[in-house]
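Report on one structure; see the data block that follows.
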Amino acid sequence: MKKKWLLAAIPGCVIGIVAAFVIVLFLVKLLWAWTIPDLFPGAVEQGLIAAKITWYTALKLAIFAAVMAALAGARKGDGS
């Protein structure tokens, strides 16, 4: 009985992880296109900052943010 439940739960977990991953990438792309041109209009006009980013760049930004959040959490936990 336990193996049947595990075999049913694994595909659901994988689908959930993939869905969360795609949502995070979509949010990074959306937030970049929404905020960066408003924050840095001159730099976007001059081509110094991209107004829109690719999916690959969104992936790199998401990984960078996750690493920074993990480091901040690890430092916070070391003080106790």
So, first residue on the phi < 0 side of the Ramachandran plot and in contact (Cβ under 8 Å) with a residue 12 or more places away in the chain in segment 57-69, second residue surrounded by 10 or more Cβ atoms within 10 Å (Cβ to Cβ) and part of a helix (DSSP H, G or I), Cβ within less than 7 Å, six or more apart or across chains; the pairs are 58/25; 58/28; 58/29; 59/25; 61/28; 62/24; 62/25; 62/28
- [ ] Inspect all residues belonging to segment 7-15 and state whether any of them is more than 12 Å from the chain's Cα centre (by Cα), surrounded by 11 or more Cβ atoms within 10 Å (Cβ to Cβ), over 18 Å from residue 64 (Cβ atoms) and among the small types (Gly, Ala, Ser).
- [x] no
By residue number, the members of segment 35-55 that are exposed (fewer than 11 other Cβ atoms within 10 Å of the Cβ) and either in contact (Cβ under 8 Å) with a residue 40 or more places away in the chain or in a helix (DSSP H, G or I) (or both) are 35, 38, 39, 42, 46
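Every number here is computed from the coordinates shown, using simple stated rules; none is lab data. Note that the structure is a prediction, hence the values are computed from the model and not measured. All Cβ positions, even for glycine, are placed from backbone atoms using ideal geometry, and neighbour counts span all protein chains on display.
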